[in-house]
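Input: a single structure, listed below in structure tokens.
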Amino acid sequence: MAQTTHPPGTGGHAASGGEGGSRRDFLYLATGAVGVVGAASAAWPFIDSLNPAADTLALASIDVDLAPVAVGQAITVTWRGKPVFVRHRTAEEIESAKDVNLNDLRDPVADDARVKKPEWLIVIGICTHLGCVPLGQKVTDPRGDYGGWFCPCHGSHYDTAGRIRKGPAPANLVLPTYAFTGDTKIRLG
Amino acid sequence: MAQVQATKFKNPVVNWIDSRLPIFTMLDHEYNHYPMPRNVNYLWAFGAIAGIMLVIMIATGLFLAMQYSSHTSLAFNSVERIMRDVNYGWLLRYVHANGASMFFIAVYIHMFRGMYYGSYKAPREILWILGVIIFLVMMGTAFMGYVLPWGQMSFWGATVITNLFSAFPIVGDPIVTLLWGGFSVDNPTLNRFFALHFLLPFVLLGLVILHTAALHVCGSNNPLGIEPKGPQDTVPFNPYVTVKDGFAVVIFMIIYAVFVFFMPNYMGHPDNYIPANPLVTPAHIVPEWYFLPFYAMLRAIPDKLGGVLAMFGSIALLAFLPWLDRSKIRSCKFRPIYRQFFWILAIDALILGYAGAMPAEGSWLLIARIGTAYYFFHFLILLPLLGKLERPSQLPNSISESVLKGGGGIAAGAHAKPMEKA
């Protein structure tokens, strides 16, 4: 113990042979390591408290009846606080979505992989650029150059499969988790 | 600050306190005898003006917070209640809302003054970097304050800005969820923004104290950009600069009052008087005017991550200004070529601001791209190059020689008190 009270330098602090020095170094490093781990674990509850709370996460899934939506019409459903676009596509819209060379797409996905039934396109209505709600749900809305949706904030164009075709958005409109519970009934979530 | 000679005061109580806690000596030293270059112009008043704006914002903000409710179902109406029912609530809110704009005006002039006269150069680099940090914290505070009234622009501004972080690969989406506390901008977001909007001004106050402390180590720069060589080059802070700053503050407050009383919504956006609706995006989202140049850069780059990096980079770049500018000469007065490019940069910033307010399409997009490219060209290429290529004009020998046209030694000595530490 007496050895550790020696001032550094005299006791061979950095020297390999100085046993007291190396023990002090070890204690110093160990204390530092425990301190860092302790500070990090103390910080985590604070940071994690900012993440979605249990009640926010426990959002029930919702059922939507699509029967009243005629061909060519679209509805917007709120799910997890976000708008979900449901569009009853016309035959031409399906045709134009299928009739695309995948190499031309920024985020290449075939139309089949984006729908469960070709006539129903269901996407989260949030532009993948910076989160605006694109226009195109109403027939009178601007639908962009590809007949899908047009985001007015920064000018992204989506096609009739909700794929990004033009503008700053990096990815296609996101697909929500859903399943058909009947012929014209879906459950989101 | 170094240990200074204690001042003797007439009042024995003041002396008693001062010998135990030398605050009076400190104030006397830093704001009474503190030597200021005798040639500082009115542009040097904007630091004091910005400081006063911070105090006004904290004072009005505190009383607004006593009336405000940070819940999505109450926020918009609580602001309307402040406007209609609370005694002088309209005044407090308009002083606060326009105060943000005036604060930014003062800070932008303060920054451009620093750039024109080379105030960021050695030995004032830390002083300048503290200023850049203050600017960043200010921007964060202003952004979160704009969200609180929970109007359409509040909501969609918050959505767009928080989504900026989703541009970063892998960590982006978890960060955005962390910022929101949910899956979209919602009540948890509003609550934490209110808490942070309350906290950050006090962080700013601390930073401003550090900024001032760093300033008082090496003293103010001046329009000639040469260091004072002795008492003949300086005047005591009080009364010379206190009066000059005071006069500038009064003029600034008159302009501020014109906005508050005659055009209180001129710098705001009418869409923010529509309650927030998560299902409808306004046709044209624009941030507050003081963010427009940076917003233009964000939109100018046709790639999400690239746009975000350009926007943050344009501010981060300012912190490196002391090392990007290789010229030893501080003031633009003696830099004939840089002086012209300085004004081109100032015009570029204004054009970017205008392009940021316009829809991001057609020729405005092109203009924003050219403006963004020029901004980075100025800092990354022009400044290092000019430091080597430019031939500066002859610097004067001293401040007093330049200001008093020669025979200044005696006249200056008559006015200025001698410096304590010669």
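Things to note:
- Hits in the stretch B:1-18 (condition: open to solvent by 50 Å² or more (accessible area, probe 1.4 Å), in a helix (DSSP H, G or I) and in contact with a helix residue (DSSP H, G or I) (Cβ under 9 Å, 6 or more places away or on another chain)): B:ILE17
- A:THR184 satisfies every condition listed in (1) modelled with pLDDT under 90; (2) over 18 Å from B:LEU279 (Cβ atoms); (3) within 16 Å of the chain's Cα centre (by Cα) except (3).
- Flag if A:GLY144 is farther than 30 Å from A:ALA53 by Cα, in contact with a Cys (Cβ under 9 Å, 6 or more places away or on another chain) and in a loop (DSSP other than H, G, I, E, B): yes
- Yes/no for B:LEU215 being under 12 Å from B:LEU130 (Cβ atoms) and of a type in the set (A, V, I, L, M): yes
- Filter pass, A:ASP104 being open to solvent by 50 Å² or more (accessible area, probe 1.4 Å) and of a type in the set (D, E, K, R): yes
- Subset of the stretch A:121-134 [touching a residue at least 12 places away in the same chain (Cβ under 8 Å) and open to solvent by less than 40 Å² (accessible area, probe 1.4 Å)]: A:LEU121, A:ILE122, A:VAL123, A:ILE124, A:GLY125, A:CYS127, A:THR128, A:HIS129, A:LEU130, A:CYS132, A:VAL133, A:PRO134
- Pairs linking a residue in the stretch B:241-258 that is surrounded by 12 or more Cβ atoms within 10 Å (Cβ to Cβ) to a residue that is of a type in the set (Val, Ile, Thr) and part of a helix (DSSP H, G or I), with Cβ atoms under 8 Å and 6 or more positions apart or on different chains, are B:ASP245/B:ILE49; B:ALA248/B:ILE49; B:VAL249/B:ILE49; B:VAL249/B:ILE52; B:PHE252/B:ILE49.
- Residue that is surrounded by the fewest Cβ atoms within 10 Å (Cβ to Cβ), among those in the stretch A:109-120 that are within 19 Å of the chain's Cα centre (by Cα) and not in a loop (DSSP other than H, G, I, E, B): A:ALA113
- Of all residues making up the stretch A:152-186, the number that are surrounded by fewer than 16 Cβ atoms within 10 Å (Cβ to Cβ) and of a type in the set (Phe, Trp, Tyr): 1
- In this entry, A:LEU105 is excluded by the filter for residues that are free of Cβ contacts under 8 Å to residues at least 40 places away in the same chain and among the aliphatic types (A, V, I, L, M).
- Boolean, B:VAL132 is within 14 Å of another protein chain (Cβ to nearest Cβ), at negative phi and touching a residue at least 40 places away in the same chain (Cβ under 8 Å): no
- Hey, B:PHE63 in contact with a helix residue (DSSP H, G or I) (Cβ under 6 Å, 6 or more places away or on another chain) and either open to solvent by 40 Å² or more (accessible area, probe 1.4 Å) or not assigned by the TED database to the domain that holds B:GLY151 (or both) or not: yes
- Of all residues in the stretch B:32-87, those being free of Cβ contacts under 8 Å to residues at least 40 places away in the same chain and touching an Asp or Glu at 6+ places or on another chain (Cβ under 8 Å) number 0.
- The stretch B:383-422, residues that are assigned to a helix (DSSP H, G or I), open to solvent by less than 20 Å² (accessible area, probe 1.4 Å) and modelled with pLDDT of 55 or more: B:LEU383, B:LEU386, B:ILE399, B:SER400
- Qualifying positions in the stretch B:115-126 - in a helix (DSSP H, G or I), of a type outside the set (Phe, Trp, Tyr) and open to solvent by 20 Å² or more (accessible area, probe 1.4 Å): B:GLU125, B:ILE126
- Search result, residues across the stretch A:70-101 that are open to solvent by less than 40 Å² (accessible area, probe 1.4 Å) and among the hydroxyl-bearing types (Ser, Thr, Tyr): A:THR90
- In the stretch A:149-172, of all residues being touching a residue at least 40 places away in the same chain (Cβ under 8 Å) and touching a Ser or Thr at 6+ places or on another chain (Cβ under 8 Å), the one that is nearest to A:HIS129 (Cα to Cα) corresponds to A:ALA169.
- The set of residues in the stretch B:295-312 that are under 24 Å from the mean Cα position of the chain (by Cα) and open to solvent by 20 Å² or more (accessible area, probe 1.4 Å) comprises B:ARG299, B:LEU309, B:MET311, B:PHE312.
- Yes/no for B:LEU215 being under 23 Å from the mean Cα position of the chain (by Cα) and within 14 Å of another protein chain (Cβ to nearest Cβ): no
- Of the residues making up the stretch A:135-151, those that are within 14 Å of chain B (Cβ to nearest Cβ), in contact with a strand residue (DSSP E or B) (Cβ under 6 Å, 6 or more places away or on another chain) and crowded, with 21+ Cβ neighbours inside 10 Å are A:GLY136, A:GLY144, A:TRP149, A:PHE150.
The values are calculated or read from the model by the stated rules, or taken from the named source; none is laboratory data. In this text the structure is predicted, and so the values were computed from the model without any measurement. For neighbour counting, all protein chains shown are included, and Cβ atoms are generated from backbone atoms with ideal geometry for every residue, glycine included. Note: accessible area is taken over every heavy atom of the protein model, side chains too, but ligands, DNA and RNA are not part of it. Shrake-Rupley method; radii C 1.70, N 1.55, O 1.52, S 1.80 Å.
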